[in-house]
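K.L.:
Structure provided below as structure tokens; questions to follow.
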Ligand SMILES: C[S@@+](CC[C@H](N)C(=O)[O-])C[C@H]1O[C@@H](n2cnc3c(N)ncnc32)[C@H](O)[C@@H]1O
């Protein structure tokens with residue numbers, strides 16, 4: 001991976017692997033990770049794999065996972081997680097905007113809490129479209145733009161100030177559902193829900209989990 005393509009967020013990497021990731025697991029994110037990956041088979045590419053928290057949940061029908069992660073500290077942890085995965089996982093450096101793979105080479109692509117952080121959502125989604133085989137599935141679990149105008153205002157405010165700086169480039173208010181469709185995918189299933197459910201809602205609580213298909 002060229003130096004300009006690396007994503008370096010060592011503080012966030014530590015926070016994610018030691019605090020935020022485990023806190024989300026305690027809040028029940030594991031169930032959503034399982035739903036995200038249920039029923040997958042064949043060759044899968046996962047972009048923004050982080051420290052590999054999805055790897056344990058790939059079903060045995062998956063024959064290979066190419067896990068792309070640009071942040072070096074998270075990638076090193078993902079390599080460890082790959083060793084314990086129930087299916088073959090190869091961890092590589094790279095960015096979602098330019099997936100290091102040939103066109104039409106995967107049966108499915110997975111994005112999980114990643115499209116909030118990529119520098120260019122449209123480029124990432126069109127490149128996932130490129131590497132999927134015709135009829136291939138995009139599985140997504142992402143936090144997105146809120147329904148309520150008031151919360152959208154909060155999202156715009158935090159996204160323009162401190163949130164991306166503290167959270168490794170994450171943005172709370174992206175309209176990821178529209179971005180998936182704008183990249184040429186057809187959404188075939190979508191569940192929208194708050195997670196985690198807290199008394200005071202977080203700007204990153206509006207989630208979507210679903211499937212989109214690359215046409216022919
Ligand atoms: C919140 S973490 C989620 C990690 C993992 N997907 C999970 O569910 O545990 C966001 C991830 O997106 C990655 N990321 C940031 N920019 C990226 C890009 N342009 N391409 C691919 N991944 C990216 C980060 O390095 C980080 O691993």
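Where a number appears in this text, it was derived from the coordinates with a stated rule and is not lab data. Here the structure is a predicted model, which is why all the values come from computation and not from measurement. Counting neighbours? That spans all protein chains shown, and the Cβs are built from the backbone with ideal geometry, glycine included.
K.L.:
Based on the mean of other beta carbon atoms within 10 Å per residue, what is the order of 83-95, 114-126, most packed first?
P.N.:
114-126, 83-95
K.L.:
Also, I was wondering about something else. Per DSSP helix of 4 or more residues, -39500 (n - 2.57); summed, then divided by the residues of the chain. What does that give at 222 nm, rounded to the nearest 500?
P.N.:
Value at 222 nm, helices only: -8500 deg cm²/dmol.
K.L.:
Sticking with this one: Rounded, prolate or oblate: which fits region 122-177, taking a ≥ b ≥ c as square roots of the Cα gyration tensor eigenvalues, rounded meaning a/c under 1.5, else prolate when a/b beats b/c?
P.N.:
Working: a/c = 3.45, a/b = 2.01, b/c = 1.72.
In terms of gyration-tensor shape, prolate.
K.L.:
Contact order normalised by length for region 3-214, with contacts defined as Cα pairs under 8 Å and 6 or more residues apart; what percent is it?
P.N.:
Values: 443 pairs, mean separation 39.6, N = 212.
Reported relative contact order: 19 percent.
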